[in-house]
Amino acid sequence: MEITGLFSSGKHCVSGSSANVHALGWIERGSAITIRFRSGFDPVAGVVTLGIDTPAGRSTYIIDDDSGGNLDPEIRYTASISGNAALYVSGFRSTSGCYWYNFEMTPPAASVTRAAAPAPAKSTAVRPAAITGAPSIAYHCIAGDNVTNIHSLGRVGRGARITVTFDTDYDAVAGLVNMDLFAADPQPRYVMDDDSGGALAPELRLTTTQEGTVTLFVGGYSSIAGCYRFRVEIQ
């Protein structure tokens, strides 16, 4: 199906049972979202939104296969929570192929007013916590305002034990989401953490109950900004 207007992305390709993950950014509650696709195969797509503005976090998701015609998905929804959204794209029955997508967002007519973030009760004078072993990545930074960075960690099997440790220079908050577009119950499983790693750094531990693509969200407590590294161990 042809996409009206310009593509939001260049050409992406996916193969096997894994999913590509695209960060869509922070979406305000009440926004109308439309994502259209053009492809030469049978893709399946889903959007997971994770809010980090509560201690336990909040999550919503939507999945589509063929609503766009010609075996292409088309996702339309109105955001029920404010949060950071990730787009997952895979091939039906592990087929391989390439696709483009177009992302459109219409903010709510009356923008939802977010309460001013309270001053952090915890000290923000953070000394980096040392990671045991070599970090998995170089430093990444965030600018605050509840917007997270999103990192795809790849596909894991059922029963995988995942540990993510951090080295930060600020008070980071992080979440792990496990999403399987083809599960009988596709409800994403997620965990959130703030300070379990010591020195105000998060530490995430998740044992998967189903196979899926795992995505890491990293933000800041009370919307503060800073930089971090992380290390991932999967057993």
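Annotation: peptides 38-51, 149-162, ranked by per-residue average of other Cβ atoms within 10 Å with the highest first, follow the order 38-51, 149-162. Computed from phi, the 3J(HN,Hα) profile of the range 171-178 under the Karplus parametrisation 6.51, -1.76, 1.60 (θ = phi - 60°) reads 8, 7, 10, 9, x, 10, 10, 10 Hz, with x in place of Gly and Pro.
Peptides 95-103, 195-203 ranked from most to least packed by the mean count of surrounding Cβ atoms within 10 Å: 195-203, 95-103. Dipole magnitude for the range 140-234: about 380 debye, using +1 per Lys or Arg Cβ and -1 per Asp or Glu Cβ, origin at the Cα centre.
Translational diffusion coefficient of the range 139-235 at 37 °C, 0.692 mPa s, Stokes-Einstein with Kirkwood Rh over Cα pairs, in µm²/s as a whole number.
After rounding, the answer is 243 µm²/s.
Relative protection proxy for 179-188, 83-92, from highest mean packing down: 83-92, 179-188 (other beta-carbon atoms within 10 angstrom). The mean of 1/r over all distinct Cα pairs in the range 12-106, once inverted, gives the Kirkwood hydrodynamic radius of 13.5 Å.
No value in this document is a laboratory result; all are computed from the given coordinates. Given the structure is predicted, the values throughout are model-derived calculations rather than measurements. We place every Cβ from the backbone using ideal geometry, glycine too, and count neighbours over all the protein chains shown.
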